[in-house]
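Every number here is computed from the coordinates shown, using simple stated rules; none is lab data. Because the structure is a prediction, the values reported are computed rather than measured. Please note: Cβ atoms are built from the backbone with ideal geometry, for glycine as well, and neighbour counts cover all protein chains shown.
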């Protein structure tokens, strides 16, 4: 039982996934807040953090899905955290003066991609187990980063 509780805690990002309305949005918002207070500026260390989160997420999301008996249950939100962090990692670092409004826009674009599941995000979601659960949000994070970099480049 304790093993399931730990898997459930991690896959729901410490029970954020159990917020009754829009758990993915709340998890993404919490991910932004945590990202902003992480006292690390090293791109390599942040990439390692996301890589570890991705591996752990694939494992715990897959196990949590199996234990629940439901395909991609809504309480699994570790994928939103990984996708949001990837979008923020790829965010241009030279935008200090406009940083908070641009981060808010990054959050909104990420949620848009995550909710609408445009191609190929929708194909990634159909992959089995934890891999499919995590990959669609990773691709949404990459798409978000591309859009944000284009927006910043155009400004």
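Let me have the relative contact order for the chain, percent, based on Cα pairs under 8 Å that are six or more residues apart. Numbers along the way, then the final one.
Working: 194 pairs, mean separation 45.0, N = 155.
Relative contact order here is 29 percent.
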Exercise for the section: For helix 43-68, report the angle its Cα long axis makes with the longest principal axis of the Cα atoms of the chain; keep it between 0 and 90° and round to the nearest 10°. Expected result: 30 degrees
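Average the reciprocal distances over every distinct pair of alpha-carbons in the stretch 2-154, invert the result, and give the Kirkwood radius in Å.
Working: mean 1/r = 0.0648 Å⁻¹.
Radius from the Kirkwood sum: 15.4 Å.
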Practice task
Would you mind checking the tilt of helix 23-37 against the longest principal axis of the Cα atoms of the chain, expressed as 0 to 90 degrees and rounded to 10?
Solution key: 50 degrees
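So what is the calculated 222 nm ellipticity per residue for the chain, using -39500 (n - 2.57) for each DSSP H run with n of 4 or more, over all residues, to the nearest 500 deg cm²/dmol? Walk me through the intermediate numbers first.
Numbers: 7 runs with 112 residues, N = 155.
It comes out at -24000 deg cm²/dmol, rounded to the nearest 500.
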Completion exercise
the stretch 1-69: relative contact order from alpha carbon pairs under 8 Å, six or more residues apart, as a whole percent, is 44 percent
Practice task
Take each of the peptides 20-32, 78-90, 114-126, average the number of other beta-carbon atoms within 10 Å over its residues, and list them starting from the highest.
Solution key: 78-90, 20-32, 114-126
Practice task
Describe numerically, in nm with one decimal, the distance between label points set 7 Å from Cα along Cα→Cβ at residue 45 and at residue 18.
Solution key: 3.3 nm
Handout entry: Modelled label reach - residue 71, point 7 Å along Cα→Cβ, the stretch 128-144 residues with backbone N closer than 17 Å
Key = 128-137
